[in-house]
Amino acid sequence: MMKKFFVFILMAAMTFGVTAAAKEKKEVEPFDRGIDRGKSVFIPQGSIGAGVSFSYNNYSIGNATDDAGYQMLFSLLQDMHGNMLSFGVAPYVSYFFRDNLSVGVRFDYDRSSLGLGNANISLGDALSLSLNDFNYLKQSYTASVTLRNYMPFANSKRFAMFTEVRATGGYAQSETYKMDEGDKFGTYQDIYQFELGLVPGITAFVTNEVAVEVSIGLLGFNYQKVNQVTNRVEYSQMENSGANFKINLFSIGFGMSFYIPTGEHRMKKSGK
């Protein structure tokens, strides 16, 4: 009986010791990089932002035998002469409802064109194609609702990275045609589109209220509906949707923004 009593006391002591050790053991906190803990105010709450963004690309093809157009297409295109142009302008305005976080609206106009005076496509001795007086033109009008978050570099008040989410809807027209002995043959399209995209970028203040920025389209989920007419006779309709995750060099935008602090953050002129 005494032996059983000592065994019971020993087991109770061991249980108490394990429980006490478990209580003394520190709880492991989840690993956190502290991204949301930054307290540096890059643009204060209540500020109003406005600006404009530009993009422009111009390519001339076929000016020399060592033209980059031949190299990119592995010399499949021969005797190619033409010009490709793309241009875009986008005014926007935003309001900062929290420090470093804004909501805004944006309007985009984009125009792109391609003109080929001549192009020969050679896929071997048995297959070759020729294009003459081929033209392509597209212009689009879109409106976006934006949500942008700024993350300053090392608590800087001049340099920051931003991430912008855009919900975009719009309308576009495109025309592809060929001239043949004064007659015009081609295809006309009405395009309705919607896109949810992610646009990162970098901004730098050059004065207290003026900043320059560079942005590039990175991620997008899109839907598009196309109504098409060919030679004013053949009608067709197409719908497509998809997602992309890639750097689009044609979506690089350079912009200038003006940020106007309001309330207590506005700089006051010192009285004499």
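The values are calculated or read from the model by the stated rules, or taken from the named source; none is laboratory data. Predicted, not measured: the structure shown is a model, and the values here were computed from it. Cβ coordinates were reconstructed from backbone atoms using ideal geometry, including for glycine residues, and neighbour counts include every protein chain displayed. What goes into the accessible areas is simple: the full protein's heavy atoms, side chains included, and nothing from ligands, DNA or RNA. Shrake-Rupley method; radii C 1.70, N 1.55, O 1.52, S 1.80 Å.
Here are a few things to note about the model shown:
- Residues satisfying the stated conditions in the stretch 177-195, i.e. open to solvent by 80 Å² or more (accessible area, probe 1.4 Å) and hydrophobic (A, V, I, L, M, F, W, C): 185, 194
- Close pairs (8 angstrom Cβ cut-off, 6 or more residues apart or separate chains): within 30 Å of residue 184 (Cβ to Cβ) in the stretch 227-247, among the basic types (Lys, Arg) anywhere: 237/225; 238/225; 239/225
- Within the stretch 239-272, being of a type outside the set (A, V, I, L, M, F, W, C), outside any loop (DSSP other than H, G, I, E, B) and either touching a Ser or Thr at 6+ places or on another chain (Cβ under 8 Å) or modelled with pLDDT under 85 (or both) holds for 244, 251, 253, 255, 257, 259, 263, 264, 265.
- Residue 208 satisfies every condition listed in (1) in contact with a strand residue (DSSP E or B) (Cβ under 8 Å, 6 or more places away or on another chain); (2) in contact (Cβ under 8 Å) with a residue 24 or more places away in the chain; (3) loosely packed, with under 14 Cβ neighbours inside 10 Å except (1).
- Checking each residue in the stretch 217-238 for being more than 23 Å from residue 254 (Cα to Cα) and not in a strand (DSSP E or B) picks out 231, 232, 233.
- Test: residue in the stretch 75-97 that is touching a strand residue (DSSP E or B) at 6+ places or on another chain (Cβ under 9 Å), at pLDDT 90 or above, among the hydroxyl-bearing types (Ser, Thr, Tyr) and open to solvent by less than 40 Å² (accessible area, probe 1.4 Å): yes
- Leading residue by the ranking (surrounded by the fewest Cβ atoms within 10 Å (Cβ to Cβ)) among those in the stretch 219-239 that are within 11 Å of residue 192 (Cβ to Cβ) and charged (D, E, K, R): 239
- Top-ranked residue in the stretch 141-170 [being open to solvent by 70 Å² or more (accessible area, probe 1.4 Å) and either free of Cβ contacts under 8 Å to residues at least 12 places away in the same chain or in a strand (DSSP E or B) (or both); ranked as nearest to residue 253 (Cα to Cα)]: 161
- Some residue of the stretch 182-201 being modelled with pLDDT under 95, in a strand (DSSP E or B) and under 15 Å from residue 42 (Cβ atoms): yes
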